[in-house]
């Protein structure tokens, strides 16, 4: 029994040393954009050679450069910072409990050691769930904000393409375009148009 308790202690020590609350990256999720764009690019590739005018847009860049995108990113980062502090507090509590267990282990009975080990494990599992829940929550918020902006950007791209007589508009992230002249990239123009029409309330 003493050997099992000692083994549990070693395992917990390794676990706590490996715990690091990493900053949740608040880059926007663009999976939905790439999937839709890849399909469009693939079906249009053969006709591109005979198109009169072809344009290119980088939706990832465009979303992050819009004022709405910047505001949404800042908002999510602020929410994540608050939750990170909560997780840090939980981590510190777990570390203190583990240190207390180590300090008292020599004088604890087998039952007390086993109970303390179980309590620590339960708290550690709760900590992991909190981390996973935060990651999932952030991803959902990123996707929601991305989708709203993407839909409005798509409408602007269509309008812009018709106005400037573009036959095709490719999405850069789809990876189907090997070369296009710099002046054919309409990302900056679309961002400017978007910001003019969708102003962020200060």
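Some points to look at:
- The residue list 116, 89 contains one member that is surrounded by fewer than 16 Cβ atoms within 10 Å (Cβ to Cβ) and either assigned to a helix (DSSP H, G or I) or without any contact (Cβ under 8 Å) to a residue 60 or more places away in the chain (or both), which is 89.
- Hey, residue 68 closer than 30 Å to residue 164 by Cα and either under 25 Å from the mean Cα position of the chain (by Cα) or modelled with pLDDT of 90 or more (or both) or not: yes
- Which numbered condition residue 167 fails, given (1) within 27 Å of the chain's Cα centre (by Cα); (2) closer than 19 Å to residue 189 by Cα: (1)
- Which listed residue is modelled with pLDDT under 50, in contact with a strand residue (DSSP E or B) (Cβ under 7 Å, 6 or more places away or on another chain), farther than 20 Å from residue 132 by Cα and not in a loop (DSSP other than H, G, I, E, B), from 45, 6, 41, 36: 41
- The selection criterion, being within 30 Å of residue 173 (Cβ to Cβ), surrounded by 15 or more Cβ atoms within 10 Å (Cβ to Cβ) and modelled with pLDDT of 90 or more, does not hold for residue 79.
- Looking across 149, 186, one residue alone is surrounded by 15 or more Cβ atoms within 10 Å (Cβ to Cβ) and over 20 Å from the mean Cα position of the chain (by Cα). It is 186.
- A single entry from 136, 140 fulfils the requirement of being within 20 Å of residue 59 (Cα to Cα), without any contact (Cβ under 8 Å) to a residue 24 or more places away in the chain and within 30 Å of the chain's Cα centre (by Cα): 140.
- If you go through segment 164-182 and keep only what is surrounded by 14 or more Cβ atoms within 10 Å (Cβ to Cβ) and either at pLDDT below 65 or in a loop (DSSP other than H, G, I, E, B) (or both), you end up with 166, 167, 176, 177, 180.
The values are calculated or read from the model by the stated rules, or taken from the named source; none is laboratory data. From a predicted model like this one, the values you see are computed outputs, not experimental measurements. Quick reminder, even Gly has a Cβ in these numbers, built from the backbone with ideal geometry, and neighbours come from all protein chains shown.
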